[in-house]
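Trainee: My questions all concern the structure below.
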Amino acid sequence: MQRSQTEAKSRSQTRTASLLLTIWLSNATLPAAEPKAAAPKGVVSTAARPLIQKAVQAAGGEANLLGIFTFKDRVLIGDKDTGFGSKRDSVLDAPRHWWLKTPAGYSERKDEPANFLVWAWTLRALTDAASTVDVVPDVKDGETELWGLRVSGSVTPAMELYFAKSRGLLARIDWRNDIHRFSDWKTLPAGTKYPARVVGHKKAGDKIWYFDEVTEVIPLKELPEKLQPAKFDAK
């Protein structure tokens, strides 16, 4: 009886060990889980670092750069500013989203390149982790001497941002087929500075093709409730 119980126990242990070995071998042959793709990371050249700091400080400091905000502006397409144009009331979370306020609610400007242009003039393109930033040669625009930075990686194609040597404020952006010149700087209560006037020129011939006058900017801590991503109950 004793021997029978011992043999039964031995067979049970053998079956258990065999089952564990089968499970281990099965798991060992499963393909390894795909690693999560790392977030894109840009490279900032040594020469660009102090210039980025200079530009950001001139605009009010990194903590005060515009992120989510509302703004009102007047846009006129043409080579002469008549004082008229289309008035817009917008909510920005650039470069991801730009919504226009309409009588029916909010209308998003999807796949709009101007999202990146606005993002650039807030200077957040310079501090984004995905941005590669390099120094470009100085230029003279009219009577104003400018130093510049090229931003790539986070924006395609690369764009050049030029700053006035006298004040360190953004003076122009060269991007795609256009040159955008900035002026009439305003200061918000928190110390944030932004350009209230933009004039767009075509690189070919430097012909003016639009005017944009920003009449109001209000920083927001978060998006308006209607624009926040839908929240689902985890049950």
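Trainee: Would segment 114-127 turn up any residue that is under 18 Å from PHE211 (Cα atoms) and surrounded by fewer than 17 Cβ atoms within 10 Å (Cβ to Cβ)?
Mentor: Looking through segment 114-127, at least one residue is under 18 Å from PHE211 (Cα atoms) and surrounded by fewer than 17 Cβ atoms within 10 Å (Cβ to Cβ).
Trainee: Sticking with this one: So which residues in segment 63-98 are among the aliphatic types (A, V, I, L, M), closer than 19 Å to ILE218 by Cβ and touching a residue at least 60 places away in the same chain (Cβ under 8 Å)?
Mentor: LEU65, LEU66, ILE68, VAL75, VAL91
Trainee: Right, next: Within segment 97-109, count every residue that is part of a loop (DSSP other than H, G, I, E, B) and within 14 Å of PHE71 (Cβ to Cβ).
Mentor: The number of residues fulfilling the criteria is 1.
Trainee: So ASP89 clears everything in (1) surrounded by fewer than 16 Cβ atoms within 10 Å (Cβ to Cβ); (2) modelled with pLDDT under 95; (3) in contact with a Leu (Cβ under 9 Å, 6 or more places away or on another chain) except one condition, right? Which one?
Mentor: ASP89 satisfies all of (1) surrounded by fewer than 16 Cβ atoms within 10 Å (Cβ to Cβ); (2) modelled with pLDDT under 95; (3) in contact with a Leu (Cβ under 9 Å, 6 or more places away or on another chain) except (2).
Trainee: Any chance segment 36-50 includes a residue that's at pLDDT 95 or above, of a type in the set (S, T, N, Q) and more than 24 Å from LYS221 (Cβ to Cβ)?
Mentor: For segment 36-50, residues at pLDDT 95 or above, of a type in the set (S, T, N, Q) and more than 24 Å from LYS221 (Cβ to Cβ): present.
Trainee: Is it the case, given these coordinates, that ARG197 is more than 21 Å from the chain's Cα centre (by Cα) and of a type outside the set (A, V, I, L, M, F, W, C)?
Mentor: yes
Trainee: Select from segment 128-166 the residues that are more than 14 Å from GLY42 (Cβ to Cβ) and of a type in the set (Gly, Ala, Ser) and write down the one among them that is surrounded by the fewest Cβ atoms within 10 Å (Cβ to Cβ).
Mentor: GLY142
Trainee: Of the residues in segment 110-165, how many are of a type in the set (Val, Ile, Thr), assigned to a loop (DSSP other than H, G, I, E, B) and free of Cβ contacts under 8 Å to residues at least 40 places away in the same chain?
Mentor: The number of residues fulfilling the criteria is 1.
Trainee: For the subset of segment 167-194 comprising residues that are of a type in the set (Val, Ile, Thr) and closer than 13 Å to THR122 by Cβ, which member is surrounded by the fewest Cβ atoms within 10 Å (Cβ to Cβ)?
Mentor: Looking at the filtered set, the residue picked out is THR192.
Trainee: Within segment 64-86, can you find the residues that are among the charged types (D, E, K, R) and modelled with pLDDT under 95?
Mentor: Of everything in segment 64-86, nothing turns out to be among the charged types (D, E, K, R) and modelled with pLDDT under 95.
The values are calculated or read from the model by the stated rules, or taken from the named source; none is laboratory data. This is a predicted model, so every value here is computed, not measured. Neighbour counts are summed over all protein chains in view; Cβ atoms, including those assigned to glycine, are modelled from backbone coordinates with ideal geometry.
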